[in-house]
1. Could you please let me know if residue 85 is exposed (fewer than 11 other Cβ atoms within 10 Å of the Cβ), more than 16 Å from the chain's Cα centre (by Cα) and not aromatic (Phe, Trp, Tyr)?
2. Let me spell it out: the conditions are (1) within 21 Å of residue 29 (Cβ to Cβ); (2) assigned to a helix (DSSP H, G or I); (3) not basic (Lys, Arg), and residue 139 meets all of them except one. Which number is the exception?
3. Determine whether the range 61-80 contains at least one residue that is closer than 27 Å to residue 11 by Cα and among the hydroxyl-bearing types (Ser, Thr, Tyr).
4. So, residue 89, is that one among the hydrophobic types (A, V, I, L, M, F, W, C) and modelled with pLDDT under 95 or not?
5. Only one of these conditions is not met by residue 97: (1) under 22 Å from residue 43 (Cβ atoms); (2) open to solvent by 70 Å² or more (accessible area, probe 1.4 Å); (3) not aliphatic (A, V, I, L, M). Which number is it?
6. Give the residue, chosen from 76, 105, 113, that is open to solvent by less than 90 Å² (accessible area, probe 1.4 Å) and either farther than 28 Å from residue 21 by Cβ or at pLDDT below 95 (or both).
Amino acid sequence: MPTDEQKLWGVWGRANGLYSSWAASKNINYYLLFVLYALEGETAVTQKKICMCTGLTKQTVNSVIRSLKENGYIELAKGHEDRREKQILLTEKGAAYSSELLTPLRRMERRVLEIMGSDRVREMVDNIALFNTVLEKEMEKEV
């Protein structure tokens with residue numbers, strides 16, 4: 001009988017695997033998918049914010065950002081508060097690219113959430129948020 005920890009890692013890993021498989025089916029990198037998610041709907045976002053909301057390392061995000069810039073999908077602008085910090089902005093080409101990739105995935109996610117129902121979704125989100133909060137506190141104790 002699997003432990004609670006094994007069950008957690010099983011479902012968490014399966015979700016990551018599903019997103020990874022979807023990204024591969026679109027011939028994109030899993031990390032690119034999550035950076036595009038972070039940029040979606042934002043007028044400007046920093047690399048630091050992308051790292052915080054995706055859990056990706058600074059090096060990984062930097063590599064994806066470099067690739068997006070080389071392909072003309074983003075522009076970098078000086079930060080409003082800290083001029084050394086770069087704001088990442090999707091170009092028109094980048095917004096179209098992002099929309100082409102994310103719209104079908106978002107549509108699938110919305111259908112899944114509708115099937116699950118708002119009560120289950122709210123409970124799932126609350127439970128994951130609680131898990132993250134408690135894990136963060138436990139990790140702070142270990143440092």
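The values are calculated or read from the model by the stated rules, or taken from the named source; none is laboratory data. As the structure is a computational prediction, the values presented were derived from the model and not from experiment. With ideal geometry, Cβ positions are generated from the backbone for all residues, glycine too; neighbour counts draw on all protein chains shown. To get the accessible areas, we keep the full protein, side chains included, count just its heavy atoms, and leave off ligands, DNA and RNA. Shrake-Rupley method; radii C 1.70, N 1.55, O 1.52, S 1.80 Å.
1. On the way: exposed (fewer than 11 other Cβ atoms within 10 Å of the Cβ): no; more than 16 Å from the chain's Cα centre (by Cα): yes; not aromatic (Phe, Trp, Tyr): yes.
Answer is no for this residue.
2. (1)
3. no
4. yes
5. Result: residue 97 passes all but (2).
6. 76
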